[in-house]
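Asks: Handing you this structure, nothing more for now.
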Amino acid sequence: MKILVAVFLVLVVVGTAAAGCPDGWTQFLDLCYIYQSAKASWASAQSSCQALGGILAEPDTACENEVLIHMCRENGDAGSFGPWLGGQKVGGAWQWSSSGAAFDYLRWGPNEPNNSGGNEDCLHYNWLSWNDLRCHYQASYLCQRAAE
């Protein structure tokens, strides 16, 4: 496991130095990511990411999820009510908002998603695991865009 984490961190550092992302973005493989500390609702966060040429981050592999978790830790946002991600519940099914594709990779926290109190239709990190949350809550967010 320690070797996997070391390799992962090397990839993140190498990706950060790559020329395929705008300043301030972190590259991993063919995607660029940025952490935004400003608090916003899920819809406003998605609009802000679109204004930057991207979308809310959609970690559809364990490696991508680890990159985003590392970014959360670096920014001191590893607790509850962590950053928004690009997943939404539509018609009772969870999907990525950019494509409508169902999740292939899952990183739900214990007993999640639970729709606690109803209307928890948006995806965010809670203690670095996925959690469903009401979309109007104000949270930081992670954006992604294609590397150039």
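The values are calculated or read from the model by the stated rules, or taken from the named source; none is laboratory data. As the structure is a computational prediction, the values presented were derived from the model and not from experiment. Please note: Cβ atoms are built from the backbone with ideal geometry, for glycine as well, and neighbour counts cover all protein chains shown.
Asks: Assess whether Glu74 counts as being surrounded by fewer than 16 Cβ atoms within 10 Å (Cβ to Cβ), farther than 15 Å from Ala146 by Cα, out of contact with any Pro (no Cβ under 8 Å at 6 or more places or on another chain) and of a type outside the set (Gly, Ala, Ser).
Replies: So Glu74 fits the description; yes.
Asks: Then there's this: Pairs needed: first member in region 99-111, loosely packed, with under 10 Cβ neighbours inside 10 Å; second member anywhere, among the acidic types (Asp, Glu); C-beta distance under 6 Å; at least 6 residues apart or different chains.
Replies: Close Cβ pairs satisfying both conditions: Asp104/Asp60.
Asks: Another question about this same structure. Against the definition (closer than 26 Å to Gly24 by Cβ, outside any helix (DSSP H, G or I) and touching a Leu at 6+ places or on another chain (Cβ under 7 Å)), how does Leu123 come out, yes or no?
Replies: In short, yes.
Asks: Turning to a different aspect of this structure: For the structure I just gave you, tell me whether Val5 is modelled with pLDDT under 95, surrounded by 15 or more Cβ atoms within 10 Å (Cβ to Cβ) and more than 20 Å from Gly82 (Cα to Cα).
Replies: When the stated conditions are applied, Val5 does not pass them.
Asks: If you don't mind, there's one more thing I want to ask. For region 49-99, what are the residues that are more than 18 Å from Glu120 (Cβ to Cβ), of a type in the set (S, T, N, Q) and touching a strand residue (DSSP E or B) at 6+ places or on another chain (Cβ under 8 Å)?
Replies: Asn75, Ser98
Asks: Follow-up. Give region 66-104 a look and list any residue that's of a type outside the set (A, V, I, L, M) and more than 23 Å from Ser41 (Cβ to Cβ), or say none.
Replies: Listed by number, the residues that qualify are Glu66, His70, Arg73, Glu74, Asp104.
Asks: Continuing with this model, one more query. Can you find even one residue in region 42-53 that is in contact with a helix residue (DSSP H, G or I) (Cβ under 9 Å, 6 or more places away or on another chain), among the hydrophobic types (A, V, I, L, M, F, W, C) and surrounded by 19 or more Cβ atoms within 10 Å (Cβ to Cβ)?
Replies: No, region 42-53 contains no residue that is in contact with a helix residue (DSSP H, G or I) (Cβ under 9 Å, 6 or more places away or on another chain), among the hydrophobic types (A, V, I, L, M, F, W, C) and surrounded by 19 or more Cβ atoms within 10 Å (Cβ to Cβ).
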